Amino acid sequence: MIYLFCGLFGGALIAAVVSPLFRKDDSLESAIIEETEWDLLQRKKEVTLSNIQDLDFEYKCGKLSDEDYAHVRSEMTADAAKILHRIEEIESSQDLDALIRREVAIRRGKTVPATDSNLNCPSCKAKNPGSNKFCAECGAKLSR
């Protein structure tokens with residue numbers, strides 16, 4: 001009888017310790033930890049630029065021929081250019097505040113809010129998101 005009790009108690013203890021490992025957490029805090037496309041691109045950029053530095057070092061040490069170095073360096077440079085271009089597209093084509101609001105809404109399970117209409121600044125004519133009260137370029141008050 002005591003062996004049965006110890007076995008059941010030990011099994012319950014192991015299940016209690018191991019169960020959090022198999023549970024999926026859908027809370028907002030756990031969703032914030034997830035990476036966005038921009039985060040992944042930033043990491044790729046760092047790795048690619050580090051690889052180019054390593055390649056340059058290897059070439060200076062005499063471990064690569066001129067032809068191999070030129071070929072591999074051109075491929076790595078092309079990859080870095082693609083990554084930098086995509087990062088620039090993400091940052092310039094979208095209002096970062098709207099991107100953050102959209103990401104939070106998606107992670108909370110809500111529908112994505114409609115894109116705010118753009119407002120033109122009366123003094124510098126820059127485009128600003130409809131949620132802004134002041135111009136992002138010159139700081140002038142925006143009229144609605």
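Mind listing just one residue for me: the one in the range 115-125 that is surrounded by 15 or more Cβ atoms within 10 Å (Cβ to Cβ) and in a loop (DSSP other than H, G, I, E, B) and, of those, modelled with the lowest pLDDT?
Per the stated criteria, the residue is ASP116.
Name the residue that is nearest to ARG101 (Cα to Cα), counting only residues in the range 6-42 that are at pLDDT 75 or above and small (Gly, Ala, Ser).
Taking the candidates together, the pick is SER19.
If you go through the range 49-108 one residue at a time, how many are outside any helix (DSSP H, G or I) and without any contact (Cβ under 8 Å) to a residue 12 or more places away in the chain?
Count: 6.
If THR111 satisfies every condition in (1) of a type in the set (Ser, Thr, Tyr); (2) at pLDDT below 75; (3) within 17 Å of LYS45 (Cα to Cα) but one, which is the exception?
The failed condition is (3).
The values are calculated or read from the model by the stated rules, or taken from the named source; none is laboratory data. These figures come from a predicted structure and were not determined experimentally. Note that we place each Cβ from the backbone using ideal geometry, even for glycine, and neighbour counts take in every protein chain shown.
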